[in-house]
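Only the coordinates and a few stated rules stand behind these numbers; no lab work does. In this text, all values refer to a predicted model and were calculated from it rather than measured experimentally. Cβ atoms come from the backbone with ideal geometry, glycine included; neighbour counts cover every protein chain shown.
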Amino acid sequence: MNTLLLGSEKENIELAATFIKNGGVVGMPTETVYGLAADALNGEAVRKIFKAKGRPMDNPLIVHISDVADIEKFNLVSEFSDKARTLAEKFWPGPLTIILKSSDVIPNEVSAGLSTVAIRLPSHKIARKLIKESGTVLAAPSANKSGSPSPTTAQHVMNDLSGDIDAVIDGGMCDVGVESTVITLATTTPRLLRPGFVTEEEIEEVIGHIDVDDAVLFKLKNDEKAASPGMKYKHYSPKASVVLIKASDDAFVDFVNREFKKDNSICAICYDEDVKKLSSKTIPIGKADDFTTQAHLLFDALRQVDEQEDVTKVYAHCPKKHGVSMALYNRLIRAASFEVIEIE
Ligand code: TXA
Ligand code: MG
């Protein structure tokens, strides 16, 4: 299959929508990461997403809508509760995914056999135009090969999926850079399943206390069932191994410089302030206290690791666990397969 790399003009969005109406799959920019979109109400089209990504079929997909009214129009859920409405009013359009009890129009491929469905109204103009133009709602996981870092540019999508999908719309680099916050309202107490740019603290301000699923911060035991199936898979990994360093900023620099003396094939994903102090190769992702920039650059940094020749090991600061940094921690700890070195 020849994958078209499209600009974001009206006629290209119309062309992409034609692919979707015909049961095809298209890479689309969103404010978080690029998604791989297909008609969410067409099970056969949705299966093509799993095939292109190499994604296990037991990992459900998010349904993207272009307007809150789509929930009713397409009869997506069995109940749109008051809490859901409150969250939607506060955070949509934007990087929050809400899990609700599904209706029976949701194909099994989308819900992976669960009785719930994940719904998101993205704020990205191109994504919303594409959804509207397609005349349906779109199932879209991140547009990477399963296991690799989520794509934040159209080129990342092409690198992973060229030849496997119909087209990619180039909307430039994604603003947020990490995937949406996922919260389920299908449990008695709302539960955070994946941290993102919308934080636990911000959600609690509007709906009160929420639980944070264990899988957000901890490694699941082998026999433990993941509330969000995606959390059980190895994720976000470059080919080189990633190790997190829990240390003061100075101790991080000392550690990396000492390791570099022993092995010059290491590199560091670090803060801007570290660059001058480190003797190894560096991939800076923003200032130490600037979580927004770090989120914006993280996945590109993980992809850059594989572009560096001979790099076998990457050291990164272990992120803080609050605010937007909870999302950084959640992604990096998986990229590192939970390997953390703690230095006093
Ligand atoms: O920002 C995003 O959310 C991006 C863009 C493209 O919108 N999409 C995305 O999709 O990250 P994906 O498939 O890579 O991640 C969706 C996560 C997975 O961990 C999946 O297991 C979980 O959401 N999920 C989806 N539906 C679910 C459900 N019904 N119950 C529990 N978890 C669900
Ligand atoms: Mg993904």
Excluding Lys261 itself, what net charge comes from residues whose Cβ is under 15 Å from its Cβ, given Lys and Arg +1 and Asp and Glu -1?
+2
Under 5 Å between amide H atoms, partner at least 5 residues away or on a different chain: which partners does Thr282 have, H built in plane at 1.01 Å?
Ala268
The answer for Leu5, listing residues at least 5 apart or on another chain whose modeled amide H is closer than 5 Å to its amide H, is Val168
The summed charge of the Gly177 Cβ neighbourhood (under 14 Å; Lys/Arg +1, Asp/Glu -1) stands at -3
With Cβ to Cβ distances under 11 Å as the rule, what net charge do the other residues near Pro107 carry (K, R +1; D, E -1)?
-3
With an 8 Å cut-off on Cα pairs and a minimum separation of 6 or more residues, tell me the relative contact order of the chain in percent.
19
In whole Hz and in residue order, list the ³J(HN,Hα) couplings for the range 152-159 that follow from phi through the Karplus curve 6.51 cos²θ - 1.76 cosθ + 1.60, θ = phi - 60°; x for Gly and Pro.
10, 9, 4, 5, 4, 5, 4, 4
Pairs of alpha-carbon atoms within less than 8 angstrom and 6+ residues apart define the contacts here; what relative contact order does the range 139-205 have, in percent?
22
Could you size up the charge dipole of the range 248-299 around its Cα centre, putting +1 on the beta carbon of Lys and Arg and -1 on that of Asp and Glu, and report it in debye to the nearest 20?
300
So what J values fall out for the range 254-259 if you push phi through Karplus, 6.51 cos²θ - 1.76 cosθ + 1.60 with θ = phi - 60°, rounded to Hz, Gly and Pro as x?
4, 4, 5, 5, 5, 5
The range 268-344: chymotrypsin sites (Phe, Trp or Tyr not before Pro) falling in loop per DSSP and having at most 14 other Cβ within 10 Å:
Phe338
Extending each Cα 7 Å along its Cβ direction at Phe338 and Glu224, get the distance between those two points in nm, one decimal.
0.7
Distance from the range 158-206 to the range 280-315 (C-alpha centre basis), Å:
20
Among Ala288, Thr32, Phe74, the residue whose Cα sits farthest towards the positive end of the charge dipole of the chain (+1 at Cβ of Lys and Arg, -1 at Cβ of Asp and Glu, taken about the Cα centre) is Phe74
Checked the range 205-255 with the C-alpha gyration tensor, a ≥ b ≥ c its square-rooted eigenvalues, rounded below a/c of 1.5, otherwise prolate if a/b is larger than b/c and oblate if not; verdict oblate
Cross-link partners of Lys132 among aspartates and glutamates (Cα-Cα below 12 Å; sequence separation of 8 or more within a chain):
Glu14, Asp39, Asp67, Asp70
Given a 10 angstrom Cα cut-off, can you work out which residue in Lys101, Lys277, Lys125 is the most mobile in a GNM of the chain?
Lys277
Note on the range 241-342: contact order normalised by length, alpha-carbon pairs under 8 Å, 6 or more apart, percent, works out to 39
In debye to the nearest 20, the charge dipole size for the chain, taken about the Cα centre with +1 at each Lys and Arg Cβ and -1 at each Asp and Glu Cβ, equals 640
Size-normalised alpha-carbon gyration radius of the range 241-342, reference 2.2 N^0.38 Å:
0.96
Give a residue-ordered list of calculated ³J(HN,Hα) values for the range 117-130 (Karplus: 6.51 cos²θ - 1.76 cosθ + 1.60, θ = phi - 60°; whole Hz; x for Gly, Pro).
9, 9, 10, 9, 10, x, 8, 5, 4, 5, 4, 5, 5, 5
Starting from the amide H of Arg194, placed 1.01 Å from N in the peptide plane, find each other amide H under 5 Å away whose residue is 5 or more places distant or on another chain.
Val182
What value, in deg cm²/dmol to 500, does the helix sum -39500 (n - 2.57) over DSSP H runs of n ≥ 4 give at 222 nm once divided by the residues of the chain?
-9500 deg cm²/dmol
For the chain, take the longest principal axis of its alpha carbons; what is the angle in degrees between that and the long axis of helix 43-53, to the nearest 10 within 0 to 90?
10
